[in-house]
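Every read-out reported here was derived from the displayed coordinates using simple, explicitly stated rules and does not represent laboratory data. If you're wondering where the values come from, they're calculated on a predicted model, not measured in any experiment. Positions of Cβ are backbone-derived with ideal geometry, glycine not excepted, and every protein chain shown enters the neighbour counts.
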Amino acid sequence: MKFKASLKALAFAGALAGMSSTASAQFENPFVTSYLNTTYSVSQSAAERADTLVLPVPEGAEVVLSDWSTNTREHVQRALAAADFTGRKGQQATILAPAGLNVDRLIVIGVGDPSDVSRADVETYGAALAATINRSSAEAITVDGRLISNPVYNGRILAALSHGVELRNYRFDRLMSAPSARPAQNYHWRVASRSQAQSEFAELQALAQGVFLARELTNLPGSDGYPAAFAEYARQALEPLGVEVTILGPEEVKALGMGALYGVSQGSQHKAHLLVAHYRGSDQRPIALVGKGNTFDTGGYNLKTDAASILRMQTDKAGGAAVVGAVKALAGQRATVNVVGVVPLSLNMISGEAYLPGDVVTTGSGLTIEVANTDAEGRLILADGLWYAREHFNPRAMADIATLTGAKVTAVGTAFSAIFSEHDTILRTLTEAGELTQERVWRLPLDPAFEGAIESRIADMKNTGAPGASAGAMLLQRFVGDTPWVHIDMAGNALVDGDSGIHPRGATGYGVRMLTEWVKRYPEE
Ligand code: BES
Ligand code: ZN
Ligand code: MN
């Protein structure tokens, strides 16, 4: 049964990788995967047919198009006045059967000041639009940007709206025997300048593909998404984009001396793997992204005993998924960057062969770690992942991203991830990338004052200490040498229980958008 389910997952991975564009001839993008049977077209003219007209409206602008009759204009004005619609940021109103228009509904979206509204805000308006559309029978939707006259803002706003629509429309329903129907929807984006808008649309669509891949990998149940399956899924999604994928199996992990990575999975039938995904879009020294790929976290002999928290631990691979998703997005965008994703893959399990509390593991770097707690497994696999990235790729900067500590959730909650770094350029660029994408980050301390926290009686260090989130970062720092580096603790950011904004319930794909932007804005040497 287990094996069958995993084959199903892998077959889907193939379909995902090979899926071609459904966009119209007016606008080609080979990376579009649509989850609600949605097709897209982008042009400067009207679609052949529309049952729904959507107008993004600047604050205070009169809602009228040049081809409207007086009758239409008066009806729309009355209806919008009655709805208190002014075009203020985030407003949305629907007018059914608008007089004199050949559509079933007119939806207006307030965008405030088009020169000032943020991409992230517009994305949430797009998500809200998708939610409205999906509650209706709309099938042919035209989003007409004519009320936003500046062609630059026009293209940007429509592209960001479409990104929000796409992100919200993702579904993870392929394990259901009879998933609910996916109505065929066509969105036609009527832009002021197709040449202006085209690159924005293409970039954001490739970015969404990265987010979807991360969500898929994160959503995979533990028994389907074990290390080898995760690695194979990633390979099938990345290789068609020209990414060089290498997968090290357990024997290679052991032979390279990565005893910390090996140790975590030792108690599972699914032994450690290391996934390496290299996208070479420039000749710069690479940026390395290292993601925690613990495909399920039982806690090991320090077993997780709280039913609600162990139930979410298939998402303990979300950092690894974010790395794979970011590499996919960058490759899909044909970004001029050199980036290598490294994902140590493990399954933290109990058995007669499992590692024990108090064991000492030897890392690839030669440093030894006392396993004071088998549930602090993330830093063990990352220690070897960071060492491997540095040793084999000589990166100009490294970021690791991980669902690492409950302490992080206590400290900063789930609206931020916690970042730890002593490198000003990284802190600045990562904060900017986080604000742009609303995958926000907050700095917590990494400081010699905490060195004592991970001091061990019998080994070079131990894998627990207080304060908890900083102790994790302190351990990781011992494996990065002098490479500029940041640790991103995304515990609590991987999953949402209900639909909210651009996130349908389930895996969020957190990190893909931030990391993709970060890699592109990190300065060259
Ligand atoms: N994967 C967990 C951290 C986690 C907690 C992720 C909550 C998402 C939500 C990690 O491996 C873990 O178990 N951390 C322990 C570390 C402790 C034993 C030092 C924790 O935070 O309790
Ligand atoms: Zn974990
Ligand atoms: Mn754990």
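Brief remarks follow.
- Three-way shape label, the chain, alpha-carbon gyration tensor, a/c 1.5: prolate
- Derived scalar couplings between HN and Hα for region 430-447 equal 6, 5, 4, 4, x, 5, 4, 9, 6, 10, 7, 10, 9, 7, 10, x, 10, 7 Hz in order, rounded to whole Hz, by the Karplus curve 6.51 cos²θ - 1.76 cosθ + 1.60 (θ = phi - 60°), x for Gly and Pro.
- Surrounding net charge for Arg182, when Lys and Arg each add one and Asp and Glu each subtract one, Cβ distance under 9 Å: 0
- Gyration tensor verdict on region 225-521 (Cα atoms; rounded if a/c is under 1.5, prolate if a/b is larger than b/c, oblate otherwise): rounded
- For the chain, the relative contact order works out to 15 percent when only alpha carbon pairs closer than 8 Å and six or more residues apart are counted.
- Region 215-250 and region 105-151 have their alpha-carbon centroids 35 Å apart.
- Using a cut-off of 31 Å between Cα atoms, the listed pairs Lys254/Lys304; Lys328/Lys462; Lys271/Lys520; Lys304/Lys328; Lys317/Lys520 include Lys328/Lys462; Lys271/Lys520; Lys304/Lys328 as exceeding that distance.
- Anisotropy class of region 197-319 from Cα gyration tensor, a/c 1.5 cut: oblate
- Degrees separating the helix 378-393 axis from the principal Cα axis of the chain, which is the longest one: 80 degrees
- Working from label points 7 Å from Cα in the Cα-to-Cβ sense, the Leu303 to Ala255 distance is 3.7 nm.
- Distant-in-sequence amide H partners of Val57 (H built 1.01 Å from N, under 5 Å): Ile109, Gly110, Val111
- Near Glu139, the amide H atoms lying under 5 Å from its own belong to Asp51; only residues 5 or more places off or on other chains count, and H is placed 1.01 Å from N.
- Each of the peptides 358-365, 43-50 was scored by the mean count of other Cβ atoms within 10 Å over its residues; in descending order, highest first, they stand as 358-365, 43-50.
- In this structure, the amide hydrogen of Gly293, modeled 1.01 Å from its nitrogen in the peptide plane, lies closer than 5 angstrom to those of Gly320, Ser346, counting only residues at least 5 positions away or on a different chain.
- The protection proxy used here, the mean number of other Cβ atoms lying within 10 Å of each residue, ranks peptides 399-407, 306-314, 474-482, 171-179 as follows, highest first: 399-407, 474-482, 306-314, 171-179.
- Full-stretch length increase - Glu524, Ser115 - with 0.36 nm per residue and alpha-carbon distance subtracted: 144.3 nm
- Between the C-alpha center of region 31-83 and that of region 373-407 there is a gap of 48 Å.
- Whole-Hz Karplus values for region 502-510 come out as 6, 10, x, 4, x, 5, 8, x, 3 Hz, taken residue by residue from phi with 6.51 cos²θ - 1.76 cosθ + 1.60 and θ = phi - 60°; glycine and proline positions read x.
- Each residue of region 175-192 is assigned a 3J(HN,Hα), and the resulting list reads 9, 8, 6, 9, x, 5, 4, 10, x, 6, 10, 10, 9, 9, 9, 9, 9, 6 Hz, derived from the Karplus form 6.51 cos²θ - 1.76 cosθ + 1.60 (θ = phi - 60°), x at Gly and Pro.
- Distance from region 417-483 to region 301-342 (C-alpha centre basis), Å: 18 Å
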